[in-house]
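Novice: The structure is given below, and queries will be raised subsequently.
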Amino acid sequence: MKPKKVRAKKARTKEARKNLPKKDWKKVVFSVLITFIWVGASIIVAQLVVGYLMLLLLGPERFEQPVWKAIYSALVYTLIVFLVIFIPKKSFNRDKFGLWGLPTWIDIGLAPVGFFVYLLIAAGLTSLFSMYPWFNAEEVQDIGFSLYVVGFDRIVAFLTLVVVAPIAEEIVFRGFLYGKIRGRLNEIVSDKISMMISIFLVSLLFGIVHLQWNVGVNVFAMSIVLCGLREITGTIYSGILLHMLKNGIAFYLLFVLGIN
C-alpha cells in the first residue's frame, strides 16, 4: 500500500473509532495480555514438542546434522504459525497480517533505509547496556548450525536462516501480534499511544525469545524499525526484506568470512 493510501486508511479508521462505543479498558488489557502470553507460549511449546520428538526419533548425533536442524526449524516455525494464527482464528486473512497485495518499489526501497536506522538504534542501545557488568556485547549467538558447514549443508543453513526464519517471524510478530495488539489498544487509547505501546510490547517479546541479552537488545532495536515499516507501508513486505538483509549479512560474516 502506498503511504498516501495508508494515511487515508488511518484517517478513516480514526474517524470510525470516534463513533464506536466506549470499550472496557480492563477487557482490552486482558485481551492484549492473553495474546502476548499466547504467542510466547506457542514459541516455547513448538520448540519443546518438535525438539523432543526429533531427538527421540533421530538421537542426539543425527539431530545435530545441518539437514535435520533445518527440518527442525521448518517444523518449529510451521507449528508456531499454526498455534498462533490458525487455532485462535481458524482462518488466515492476508489483509490483517499485512500480506495483502504484492511488494512494491517503496517496500524494496525502505528495507535498506530501515536497515541503517536499525543499526543506529542497535548501536545506541548496545552502548547503553554495555555500562552494566552482566551485559556481554561480544557473546556469540547460538544459531543452531556449525560455523564450519560447507556445500549442501551451507545451502540448507542459508535457506533456513535467511529465507524461512525472516518470513515466519515477520508473519507471527509484525503480522499477527502487532496487528492484533494495535487493533485492540486502538479501542481505548489514541492512535499514537496505541502505536508506541504495540511497538514496545512486540519488540520486547521478540527480544526475550532470542534468550541472550546482547542478541535480545539487537533484535529489539530491529523490531522497532520493522514495526515502523509496517506503519508506513501497511504491509510486512519491507520488514521481511530488511530481516532477510540483516540475516544475510550475518550469514556471510559467520559462514563465509568466519567472523563471530
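Novice: What FRET efficiency would be calculated for the residue pair residue 68, residue 33, taking the C-beta separation as r and a Förster radius of 35 Å, to the nearest 0.05?
Specialist: According to the calculation, E is roughly 0.45.
Novice: While we're on this one: What FRET efficiency do you get for residue 197 and residue 155 if R0 is 51 Å and r is their Cβ-Cβ distance, rounded to the nearest 0.05?
Specialist: Working: r = 41 Å, r/R0 = 0.80.
According to the calculation, E is roughly 0.80.
Novice: Which FRET efficiency value, to the nearest 0.05, do you get for residue 82 and residue 131 by plugging their Cβ-Cβ distance into 1/(1 + (r/R0)^6) with R0 = 41 Å? Provide the component values of the computation, followed by the final result.
Specialist: Details: r = 41 Å, r/R0 = 1.01.
The calculated FRET efficiency here is 0.50.
Novice: Which of the peptides 167-175, 212-220 is most tightly packed, and how do the rest follow, judged by the mean count of other Cβ atoms within 10 Å per residue?
Specialist: Details: 167-175: 23.9, 212-220: 19.2.
So the order, starting with the most tightly packed, is 167-175, 212-220.
Novice: Per-residue HN-Hα couplings for region 216-228, Karplus 6.51 cos²θ - 1.76 cosθ + 1.60 at θ = phi - 60°, whole Hz, x for Gly and Pro?
Specialist: Running phi through 6.51 cos²θ - 1.76 cosθ + 1.60 with θ = phi - 60° gives x, 5, 5, 6, 4, 4, 5, 5, 4, 5, 4, 5, x Hz.
Novice: List, in the order given, every pair from 27/246; 180/246; 27/69; 27/192; 26/246 whose Cα-Cα distance in the structure shown is over 31 Å. Mind dumping the intermediate values first?
Specialist: On the way: 27/246 38 Å; 180/246 25 Å; 27/69 41 Å; 27/192 20 Å; 26/246 38 Å.
Distance filter (> 31 Å) returns 27/246; 27/69; 26/246.
Novice: Right, next: Mind listing which chymotrypsin sites (Phe, Trp or Tyr not before Pro) in region 24-119 are in a DSSP loop and have 16 or fewer other Cβ atoms within 10 Å?
Specialist: On the way: sites: 25, 30, 36, 38, 52, 63, 68, 72, 77, 82, 86, 92, 97, 100, 105, 115, 116, 118; in loops: 92, 100.
Sparse-neighbourhood loop chymotrypsin sites (Phe, Trp or Tyr not before Pro): 92, 100.
Novice: If you stretched the chain out fully between residue 189 and residue 210, how much longer would it get, using 0.36 nm times the residue separation minus the C-alpha to C-alpha distance? Provide the component values of the computation, followed by the final result.
Specialist: On the way: separation 21, 0.36 × 21 = 7.56 nm, distance 3.00 nm.
Full extension from residue 189 to residue 210 adds 4.6 nm.
Novice: In nm, to one decimal, how far is the modelled label at residue 26 from the one at residue 100, with both set 7 Å along Cα→Cβ?
Specialist: Going from the residue 26 label point to the residue 100 one covers 3.5 nm.
Novice: OK, next. For a test of the definition: using alpha carbon positions, the gyration tensor, and the 1.5 limit on a/c, classify region 46-135 as rounded, prolate or oblate.
Specialist: On the way: a/c = 2.17, a/b = 1.20, b/c = 1.81.
Oblate shape, in that a/c is at least 1.5 and b/c is the bigger or equal ratio.
Novice: Now, a different point. Once you order the gyration tensor axes a ≥ b ≥ c over the Cα atoms, which shape class does region 184-260 get: rounded for a/c under 1.5, otherwise prolate or oblate by comparing a/b with b/c? All intermediate terms of the calculation are to be shown ahead of the outcome.
Specialist: Values: a/c = 4.16, a/b = 1.88, b/c = 2.21.
Since a/c reaches 1.5 but b/c is at least a/b, the shape of region 184-260 is classed as oblate.
Bear in mind these aren't lab numbers, they're just calculated from the coordinates by the rules spelled out. Predicted, not measured: the structure shown is a model, and the values here were computed from it. Ideal geometry is used to build each Cβ from the backbone, glycine not excepted, and the neighbour counts take in all protein chains shown.
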